[in-house]
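Below is one structure, written out as structure tokens; comments come after it.
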Amino acid sequence: MWRSILLLVTVSLTTISALVSPTFETIQNAQVLNSKTGEPCSILPGGVDGKSSKSLVVLLPQLGEFDSSEFCEQLVAVQDDLTKAGIRLSVVGIGNQQCASAFSQFSGLPMEQLFVDPDASLHQQLKLNKGPDWDLPEGVSDGFLKFALNQLPGGAPTDESNNLRPAARAWLNYLAMCAGIGAPGTLPEILRGYFGDFSAPERFAEDDVVTAGFVTIGPGVGPVKLGPLKYSQWWQDERGYQRPVELATVRLKNMVEVLTKWDTYVSNSATIDQRGATYLLDNESGEVLYEYKHRGVLTYSETMPRPLTFLAPYIGEDIAKNPLGLLDYSDAKKQNSKGRGILKPAGKFMSLLGPLFALENKLQAKALGADGADLEAAKQEIQSTITENKVTVYTYGLSPFSSQTMALLKDAGCTSTNDVKQIEVGPEWFLLGKEASTTRAALLELTGQSSLPHVFINGQHIGGIFSGNPGLAALQETGKLQDMLRGDKKVLAEES
């Protein structure tokens with residue numbers, strides 16, 4: 001009887017062991033270093049702790065890589081939500097205690113949740129990616145490698161006899177990944193950081209400032225200072241999505257932190273090519289609920305526009321898709337891309353030519369025979385028209401700015417002739433006759449704006465699509481266009 005019971009127990013334990021994922025066993029048995037004490041420790045709790053039935057284990061590359069701080073900014077934002085969901089967060093980075101202390105202070109990740117793996121041994125056990133994994137070409141001398149490494153951050157290793165060639169090999173693979181070699185997704189992600197992403201929420205807070213040498217960006221995505229030169233980005237009034245260079249600015253901030261403290265953050269240059277991974281584990285069953293391995297540089301999630309989407313079943317979709325809680329209009333019902341794109345900088349540039357167009361405007365009307373009486377009659381006609389109509393738009397038939405204006409108003413709900421009165425002055429400014437030129441000159445005198453389109457709402461002039469104060473696109477971005485369409489006349493006073 002006892003033999004039967006013993007056999008049954010043995011079979012049961014064997015079955016349970018077979019059900020435990022090999023990945024779970026590898027992580028469970030791994031020995032990393034406590035970031036506070038430097039002592040060897042385990043990542044997973046020794047059994048269910050009564051609070052956390054699951055573990056989110058994030059293996060980072062070097063703690064000094066800007067992937068690491070970029071990802072952890074999002075993880076730190078959902079710490080409380082993970083705890084409520086019974087998920088224990090453990091982050092393992094390549095580095096030492098000194099790296100961990102600096103990284104914790106910069107990223108806000110508590111030291112209790114941060115572990116270090118100096119030689120990336122766990123990464124290697126889990127067979128994580130290392131780019132193309134090239135070897136150094138045969139015949140390359142140590143002297144050349146030392147020279148090449150001295151051109152890179154950190155320079156050549158001080159212990160050249162043992163670390164020179166491993167460090168050079170790691171840098172070779174890392175730079176290849178930066179060029180997109182052996183790193184699917186890296187180049188598109190770099191471009192996404194510069195060109196923006198309508199499917200992602202804002203990424204740079206309004207009060208954030210980044211300083212890199214003589215370059216200062218901020219507060220927010222608008223103001224830029226290059227030494228004595230100051231200017232504002234043309235998208236500074238756009239809201240609710242990841243705007244051009246916004247994510248690149250976040251990465252610049254992280255890069256500045258690392259490059260100015262390279263020796264603090266990078267303790268082992270021979271592992272600089274090592275990529276990371278993310279695992280969501282069930283502590284009770286040993287099951288891997290979610291697994292993703294980084295494919296290259298800046299590919300720490302399979303859904304980079306919203307890196308924590310995989311956590312939606314546990315912490316809720318709203319938090320998982322926008323953990324930083326910045327403005328997010330990516331919902332198709334809210335998102336409006338009209339008034340954005342290449343026409344916007346073109347419109348800003350055209351506004352610089354306003355004085356020239358104003359002069360041409362007056363000369364053209366006079367040359368075609370318009371006199372003072374004609375001008376006064378045109379002004380009266382304009383005043384009558386804008387008084388009788390809720391929305392009045394003076395346009396050119398061939399102008400992309402005019403067509404974009406009408407499309408934006410249509411998206412805002414002005415879908416019929418009862419909603420908006422469109423008056424086409426002519427095909428373009430250089431194709432106008434006497435009457436149209438007089439109307440154009442009258443609009444200039446009434447508003448001070450020489451270019452078309454002209455938009456009036458409830459008798460108030462708001463400018464063109466990009467020109468004027470504030471302009472139609474700017475009203476749309478701030479959400480105040482609907483207020484004006486509902487008859488709120490205080491909007492322009494607030495904008496001025």
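Readers should treat all values here as calculations from the given coordinates under stated rules, not as data from a laboratory. Just so it is clear, the model here is predicted, and its values are computed rather than measured. No Cβ is skipped: glycine too gets one built from the backbone with ideal geometry, and neighbour counts run over all protein chains shown.
I'd like the chymotrypsin sites (Phe, Trp or Tyr not before Pro) in region 111-145 restricted to DSSP loop residues with at most 16 other Cβ atoms within 10 Å, sorted by number.
Those satisfying the criteria are TRP134.
How much net charge surrounds CYS41 when only other residues with a Cβ under 12 Å from its Cβ are counted (Lys, Arg +1; Asp, Glu -1)?
That sum, taken over residues with Cβ under 12 Å, equals -2.
Select from region 220-299 those GluC sites (Glu not before Pro) which occupy a DSSP coil region and have at most 13 other Cβ atoms within 10 Å, ordered by residue number.
In loop regions of region 220-299 (DSSP not H, G, I, E or B), the sparsely surrounded GluC sites (Glu not before Pro) are GLU284.
For each of GLU39, GLU424, count neighbouring Cβ atoms within 10 Å of the residue's Cβ, then give the residues from fewest to most.
The fewest-first ordering by Cβ neighbours comes to GLU39, GLU424.
Quick one: divide the alpha-carbon radius of gyration of region 16-140 by 2.2 N^0.38 Å and tell me what you get.
Expressed relative to 2.2 N^0.38 Å, the Cα Rg reads 1.15.
Taking the convex hull of the Cα atoms, report for region 241-283 its projected area averaged over all directions, in nm².
5.7 nm²
Give me the net charge of CYS178's neighbourhood, meaning all other residues with Cβ under 12 Å from the Cβ of CYS178; Lys, Arg count +1, Asp, Glu -1.
-4
Given H placed on each backbone N at 1.01 Å, which residues far from ARG88 in sequence or on other chains put an amide H within less than 5 Å of it?
Those lying under 5 Å, H to H, from ARG88 are LYS54, SER55, LEU56.
Placing unit charges on C-beta atoms (Lys and Arg positive, Asp and Glu negative, everything else neutral), compute the dipole magnitude of region 344-473 about its Cα centre in debye, rounded to 20.
So the dipole magnitude of region 344-473 works out to roughly 340 debye.
Compute the signed sum of charges (Lys and Arg +1, Asp and Glu -1) over the other residues within less than 11 Å, Cβ to Cβ, of VAL209.
Value of the local net charge: -1.
Using the 10 angstrom Cβ neighbour count as an exposure proxy, how do TYR300, TYR231, TYR174 rank, fewest first?
Least crowded to most crowded, the residues run TYR231, TYR174, TYR300.
Considering the convex hull of the alpha carbon atoms of region 211-270, report its projected area averaged over all viewing directions, in nm², one decimal.
5.3 nm²
Which ³J(HN,Hα) values, rounded to whole Hz and listed in residue order, are derived for region 145-153 from phi using the Karplus coefficients 6.51, -1.76 and 1.60 in 6.51 cos²θ - 1.76 cosθ + 1.60 with θ = phi - 60°, glycine and proline given as x?
Working through the residues one at a time gives 4, 5, 4, 5, 5, 5, 8, 10, x Hz.
In whole Hz, what ³J(HN,Hα) sequence does region 30-35 give by Karplus (6.51, -1.76, 1.60; θ = phi - 60°), x for Gly and Pro?
5, 10, 10, 10, 5, 5
Which value, in debye to the nearest 20, gives the size of the charge dipole of the chain about its Cα centre, when Lys and Arg are +1 and Asp and Glu are -1 at the Cβ?
So the dipole magnitude of the chain works out to roughly 540 debye.
Determine, for THR387, THR264, THR392, the number of other Cβ atoms within 10 Å of each Cβ, and report the residues in order from fewest to most.
Least crowded to most crowded, the residues run THR387, THR264, THR392.
P(r) of region 265-319 in 10 Å steps, Cα pairs, percent per bin?
In whole percents, the pair-distance histogram is 20, 40, 29, 11.
Taking +1 at the Cβ of each Lys and Arg and -1 at the Cβ of each Asp and Glu, which of TRP429, GLY286, PHE24 sits farthest along the dipole of the chain towards its positive end, judged by Cα position relative to the Cα centre?
TRP429
Express in nm, to one decimal, how much length is gained between LEU359 and THR158 on full extension, taking 0.36 nm for each residue of separation and deducting their alpha carbon distance.
Full-extension gain reported as 65.5 nm.
Could you pull out every residue, at least 5 positions away or on a different chain, whose amide H is within less than 5 Å of the one on ILE423? Hs are placed 1.01 Å off N in the peptide plane, and Pro or chain starts have none.
Here the answer is VAL393, TYR394, THR395, since their amide H atoms fall under 5 Å of that of ILE423.
How large is the helix-only mean residue ellipticity at 222 nm for the chain, computed as the sum of -39500 (n - 2.57) over DSSP H runs with n ≥ 4, divided by its residue count, in deg cm²/dmol to the nearest 500?
Only helices count here, giving -12500 deg cm²/dmol.
Modelled label-to-label distance, ASP133 and THR26, 7 Å Cα→beta-carbon offset: nm?
About 1.1 nm, to one decimal.
Could you check how many percent of all C-alpha pairs in the chain are farther apart than 40 Å?
Every Cα pair in the chain considered, those over 40 Å come to 42 percent.
What angle do you read, to the nearest 10 degrees and between 0 and 90, between the alpha-carbon axis of helix 97-107 and the longest principal axis of the chain?
30 degrees
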